[in-house]
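The values are calculated or read from the model by the stated rules, or taken from the named source; none is laboratory data. All values reported here derive from a predicted model rather than from experimental measurement. Positions of Cβ are generated from backbone atoms using ideal geometry, with glycine treated the same way; all protein chains shown enter the neighbour counts.
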Amino acid sequence: GNKIRNAKLVLLGDVGAGKSSLVLRFVKGQFVEFQESTIGAAFFSQTLAVNDETVKFEIWDTAGQERYHSLAPMYYRGAAAAIVVYDISNQASFTRAKKWVQELQAQGNQNTVVALAGNKADLVETRQVQIEEAKTYAQENGLFFMETSAKTATNVNDIFYEIAKRLLQG
Ligand code: GDP
Ligand code: MG
């Protein structure tokens, strides 16, 4: 029937990886070249229909700066889903993403659906993280993985849709 399922979702990842841009693309269908840095965290909500059910995402877009690290557990504890974001043109952001995955697996909820987003997939010319490397890492750690681009909208709705499907199955 027309059930609405609320789902808390958190975005984690390095500063500049494109967390806010992914949310802006998903929630408003927009992209800005000079997205302002997030301070603390920002909240958004968006619904998504999957077959005859509706998932209402309650989205926490975190800052990513080290100085806000101690706040992160407030956002990922009790989260139904997490998207860990890195920038495919920045190897350090992939290293940081792996740290977030480790922290989630150690401190988070075992049932949280975790997605790994290799964002800025449009920046193929300056790619530093190979798809195979990320795919293998994701498989080994029980995450699902997609390359996304907030700029071109590639796979942005898709990653949220895949999360919604998994939440409804689980
Ligand atoms: P956050 O710190 O993780 O929230 O990252 P932002 O969303 O603020 O994005 C950081 C910068 O990267 C901004 O200048 C964005 O315009 C840019 N950006 C975000 N996503 C993409 C993308 O998919 N492709 C490209 N080329 N730039 C992006
Ligand atoms: Mg941000």
Residue tally, condition over 18 Å from Gly18 (Cα atoms) and not in a loop (DSSP other than H, G, I, E, B), over the range 108-143 = 9
Output the residues belonging to the range 128-149 that are farther than 21 Å from Leu11 by Cβ and buried (at least 17 other Cβ atoms within 10 Å of the Cβ).
-> none
Report, by residue number, each residue of the range 29-58 that is among the charged types (D, E, K, R) and within 16 Å of the chain's Cα centre (by Cα).
-> Lys56, Glu58
Filter the range 45-100 for residues that are closer than 21 Å to Leu168 by Cα, free of Cβ contacts under 8 Å to residues at least 60 places away in the same chain and either assigned to a helix (DSSP H, G or I) or among the hydrophobic types (A, V, I, L, M, F, W, C) (or both) and give the result.
-> Ala49, Ile59, Trp60
Residue check, Ile88 touching a strand residue (DSSP E or B) at 6+ places or on another chain (Cβ under 6 Å), at pLDDT below 95 and of a type in the set (Val, Ile, Thr) = no
Which condition number does Leu9 fail, the rest of (1) touching a residue at least 40 places away in the same chain (Cβ under 8 Å); (2) within 10 Å of ligand 2 (Cβ to nearest atom) being met?
-> (2)
Counted residues, the range 13-42 - those being away from ligand 2 (no atom under 11 Å from the Cβ) and hydrophobic (A, V, I, L, M, F, W, C) | 5
For the range 1-30, enumerate the residues that are surrounded by fewer than 14 Cβ atoms within 10 Å (Cβ to Cβ) and either part of a loop (DSSP other than H, G, I, E, B) or touching a helix residue (DSSP H, G or I) at 6+ places or on another chain (Cβ under 8 Å) (or both).
-> Gly1, Asn2, Lys3, Gly29, Gln30
Can you name the residue in the range 16-43 that is without any contact (Cβ under 8 Å) to a residue 24 or more places away in the chain and within 12 Å of ligand 1 (Cβ to nearest atom) and is also nearest to Leu167 (Cα to Cα) among such residues?
-> Ala42
Any chance the range 150-170 includes a residue that's of a type in the set (A, V, I, L, M, F, W, C), free of Cβ contacts under 8 Å to residues at least 24 places away in the same chain and surrounded by fewer than 16 Cβ atoms within 10 Å (Cβ to Cβ)?
-> no
